[in-house]
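Visitor: Dropping a structure here in structure tokens format, bear with me for questions.
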Amino acid sequence: MGLTLEVHENGQGQATDGRHSVTRRQLLAGSAATGGLLVLAGCSTAASTTAAVPSKAGTKPRHGGNLRVALLGGSPADTLDAHEETDQMDNFRIMALYNGLVQFTPGGGIANVLAEEMVPNKNGTTWTIRLRPGVTFSNGKPFTAEDVVFTLRRIMDPKDPKVGASALLPLDPTGMRIRDSLTVERNMVRPYTTFISQIADQYNFGMVPVGYDPSKPIGTGPFKVKLFTPGVESIFVRNDNYFQSGRPYLDELTIFDYSDESSAENAILDGEIDAYAQAPLTLSRELAGNSSIRQVVSRPAQWVPFTMRVDQAPFTDVRVRQAFRLLCDRPQFVDVAFAGLAAVGNDVFCPNDPDSDHSLVRHQDLPQAKYLLKQAGQENLTVQLVTADFASGALQEAQVFKEQAAAAGIRVNISVVPVGTFYGPNYLKWTFAMDFWGNPPYLATMAQCEIPGAPFNECHFDNPRFASLYYEANATTDPALQREIVHEMQTIDFDEGGYIIPAFNEQLDLLSTRVQGVGTEVTGISMGNCDWENMWLS
């Protein structure tokens, strides 16, 4: 049975029934420069750096109304915890409730939010964080340096590490000094020049108050929770204490969990909802002539990979991993699984990172795939592929792979399980499976998926040289050297890794023509990077 949380005007909440919490990240973040020391001094907030978004001609944002948003998925494991995502719906809720010190913007940059500036010393071993004055939590409590220290220690807690813990490994948990109520000094156990880009995903690094209780969620975000029923719906009301003057425009935000595509499609066509977020890409063509529905299509940012566990047969043999990658007719994935709304992938993620090596290209080669399988003694192999309907195109992608693998004599048995089951106790244990990721910088992704201590190392990749390069890249202040290191890391991943990435897909949001303030994004987070504070209803 799920948990229902009702929060009253005094900010106090009451939770009923038990809830099974499943740790799940969604590294849906924008690409940002990773070279050298990244310093954000005097940058405007994320709200004011949002790209221009469509509005009706001659109109200005108006206050009021309830924006009703539908997503597919959700389960009793849904959460409002600022640091424990379970599925895509958690991301939408978390970004309504909390702010980070910094944040990826829809256009792929990084902006200060609760931080006014973050300044390192010359080698990145000490960072000084100066906070924006006048910020309060939704319960009226001032946001101070003590809350920053509490939040980071909560994420890093060795007894209960949160999703962002691996990105904070270079931080000295005892090396935080509060200079005054708005200034924190952070010491590192080793140079950490990419600190800002590593913590820019606000869905993992939302600031919370000292003594934070996730059953009574208090944040600095544009909304506060009124009612939360995991797997069903979430109702948020505007935070009158929000530090952005005049925002949010909406009085309420309601997020519905839909279990199937047709129900969500019918709901927006019938006017029961105002937005169908992350809709199936095939609907872009089907609804092209419908004047009552506006389509927002992002640039390719999400990737839905196949994951091969390198520590379990048959994928312990690198020849098998290489063969599986060579099975893929990548343009066919784009056309069939993603209705043409995608770009070809070459098994190396984060292509929008400015340091990415675009010379790494892989084409289908069935003769070579068969040769490698024969050399590995794995001819006529049968494997089980575990997947779920957790992202647009995932099930179609699985079927395309099955058909392409058959041409090389490989039999793929597809096991489709509920989303809650996929991300349940067996998550990260599947031998051959799928998943979904967004578009953060390359090194920030490494902290989550392919280095020792990464919380989502679903391929169980463990390469000592690869890990040492990661630490070198984060320590250097030389952008050219960092780029060189990233290229070597990507080559190792391209040759030996466990990911098959045939495409990077766009995302589709279907909106009522009343919905304003939603633009495109390159982050992999739909609804214009969940820029809730700037949305309004005409």
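The values are calculated or read from the model by the stated rules, or taken from the named source; none is laboratory data. These figures come from a predicted structure and were not determined experimentally. Using ideal geometry, Cβ is built from the backbone for each residue, glycine included, and neighbour counts are taken over all protein chains shown.
Visitor: Among the strands (runs of 3 or more DSSP E) contained in the range 66-147, which hold 2 or more residues that are over 15 Å from the mean Cα position of the chain (by Cα)?
Guide: It comes to 66-72, 110-112, 115-120, 126-131.
Visitor: If I ask for residues that are at negative phi and of a type in the set (G, A, S), which ones from the range 368-382 would you list?
Guide: A369, A376
Visitor: So for the range 476-499 (the condition being part of a strand (DSSP E or B), in contact (Cβ under 8 Å) with a residue 12 or more places away in the chain and either within 20 Å of the chain's Cα centre (by Cα) or within 30 Å of A288 (Cα to Cα) (or both)), does at least one residue qualify?
Guide: Here is the first cut: in the range 476-499, the ones part of a strand (DSSP E or B) are 499.
Remaining after also requiring in contact (Cβ under 8 Å) with a residue 12 or more places away in the chain: 499.
Cutting the leftovers down to either within 20 Å of the chain's Cα centre (by Cα) or within 30 Å of A288 (Cα to Cα) (or both) gives us 499.
Yes, the range 476-499 contains a residue that is part of a strand (DSSP E or B), in contact (Cβ under 8 Å) with a residue 12 or more places away in the chain and either within 20 Å of the chain's Cα centre (by Cα) or within 30 Å of A288 (Cα to Cα) (or both).
Visitor: In the list E233, E286, E265, E261, which residue meets the criterion of being out of contact with any strand residue (DSSP E or B) (no Cβ under 9 Å at 6 or more places or on another chain) and either of a type in the set (G, A, S) or not assigned by TED's automatic domain parsing to the domain that holds G345 (or both)? Break it down stepwise before answering.
Guide: Numbers: E233 fails: out of contact with any strand residue (DSSP E or B) (no Cβ under 9 Å at 6 or more places or on another chain); E265 fails: out of contact with any strand residue (DSSP E or B) (no Cβ under 9 Å at 6 or more places or on another chain); E261 fails: out of contact with any strand residue (DSSP E or B) (no Cβ under 9 Å at 6 or more places or on another chain).
Result: E286 is the single residue among E233, E286, E265, E261 that is out of contact with any strand residue (DSSP E or B) (no Cβ under 9 Å at 6 or more places or on another chain) and either of a type in the set (G, A, S) or not assigned by TED's automatic domain parsing to the domain that holds G345 (or both).
Visitor: Starting from the range 230-246, keep only residues that are over 19 Å from K141 (Cβ atoms), then list their pairs with residues that are assigned to a loop (DSSP other than H, G, I, E, B) and of a type in the set (D, E, K, R) whose Cβ atoms are within a distance under 7 Å, requiring at least 6 positions of separation or different chains.
Guide: P230/R19; P230/D78; G231/D78
Visitor: Go through the range 441-459 and give me each residue that's crowded, with 18+ Cβ neighbours inside 10 Å and either in a helix (DSSP H, G or I) or on the phi > 0 side of the Ramachandran plot (or both).
Guide: Those that are crowded, with 18+ Cβ neighbours inside 10 Å and either in a helix (DSSP H, G or I) or on the phi > 0 side of the Ramachandran plot (or both): Y442, L443, A444, T445, M446, A447, Q448, C449.
Visitor: Right, another one. Can you pull out the residues in the range 299-320 that are basic (K, R) and under 15 Å from K370 (Cβ atoms)?
Guide: Of everything in the range 299-320, just one residue is basic (K, R) and under 15 Å from K370 (Cβ atoms), namely R319.
Visitor: Given the condition out of contact with any Ser or Thr (no Cβ under 9 Å at 6 or more places or on another chain), at pLDDT below 95 and on the phi < 0 side of the Ramachandran plot, answer yes or no: does some residue in the range 310-321 qualify?
Guide: For the range 310-321, residues out of contact with any Ser or Thr (no Cβ under 9 Å at 6 or more places or on another chain), at pLDDT below 95 and on the phi < 0 side of the Ramachandran plot: absent.
Visitor: Still on this structure: Given the conditions (1) over 15 Å from A70 (Cβ atoms); (2) at pLDDT 95 or above; (3) over 24 Å from the mean Cα position of the chain (by Cα), which single one is not true for P248?
Guide: Among (1) over 15 Å from A70 (Cβ atoms); (2) at pLDDT 95 or above; (3) over 24 Å from the mean Cα position of the chain (by Cα), the lone unmet condition for P248 is (3).
Visitor: Assigned to a helix (DSSP H, G or I), within 15 Å of F306 (Cα to Cα) and of a type in the set (S, T, N, Q): is that true of Q368 in this structure?
Guide: no
Visitor: Condition first: assigned to a loop (DSSP other than H, G, I, E, B), surrounded by 14 or more Cβ atoms within 10 Å (Cβ to Cβ) and out of contact with any strand residue (DSSP E or B) (no Cβ under 8 Å at 6 or more places or on another chain). Now tell me which residues in the range 400-414 satisfy that.
Guide: A408, G409
Visitor: Of these, G438, G420, which one is touching a residue at least 12 places away in the same chain (Cβ under 8 Å), within 30 Å of N352 (Cα to Cα) and buried (at least 16 other Cβ atoms within 10 Å of the Cβ)?
Guide: Among G438, G420, only G438 is touching a residue at least 12 places away in the same chain (Cβ under 8 Å), within 30 Å of N352 (Cα to Cα) and buried (at least 16 other Cβ atoms within 10 Å of the Cβ).
Visitor: Can you find even one residue in the range 119-138 that is aliphatic (A, V, I, L, M), closer than 30 Å to R299 by Cα and crowded, with 20+ Cβ neighbours inside 10 Å?
Guide: Step one: filter the range 119-138 for residues aliphatic (A, V, I, L, M), giving 119, 129, 131, 135.
Filter once more, keeping what is closer than 30 Å to R299 by Cα: none.
Within the range 119-138 (the criterion being aliphatic (A, V, I, L, M), closer than 30 Å to R299 by Cα and crowded, with 20+ Cβ neighbours inside 10 Å), the answer is no, since none of the residues qualifies.
Visitor: Quick one: how many residues across the range 73-87 are closer than 23 Å to L510 by Cα and buried (at least 24 other Cβ atoms within 10 Å of the Cβ)?
Guide: 2
Visitor: Any idea which residue in the range 474-492 is surrounded by the most Cβ atoms within 10 Å (Cβ to Cβ), counting only those that are touching a helix residue (DSSP H, G or I) at 6+ places or on another chain (Cβ under 7 Å) and modelled with pLDDT of 95 or more?
Guide: Restricting to residues being touching a helix residue (DSSP H, G or I) at 6+ places or on another chain (Cβ under 7 Å) and modelled with pLDDT of 95 or more, the top hit is M489.
Visitor: Considering the range 148-177 alone, what residues qualify as being in a loop (DSSP other than H, G, I, E, B) and within 23 Å of E472 (Cα to Cα)?
Guide: Quick first cut of the range 148-177, residues in a loop (DSSP other than H, G, I, E, B) only: 157-162, 169-170.
If the condition is that a residue be in a loop (DSSP other than H, G, I, E, B) and within 23 Å of E472 (Cα to Cα), then L169, P170 are the ones that fit.
Visitor: Quick one: count up the residues across the range 369-394 that are modelled with pLDDT of 95 or more and either within 21 Å of E458 (Cβ to Cβ) or not aromatic (F, W, Y) (or both).
Guide: Looking only at that region, the number is 16.
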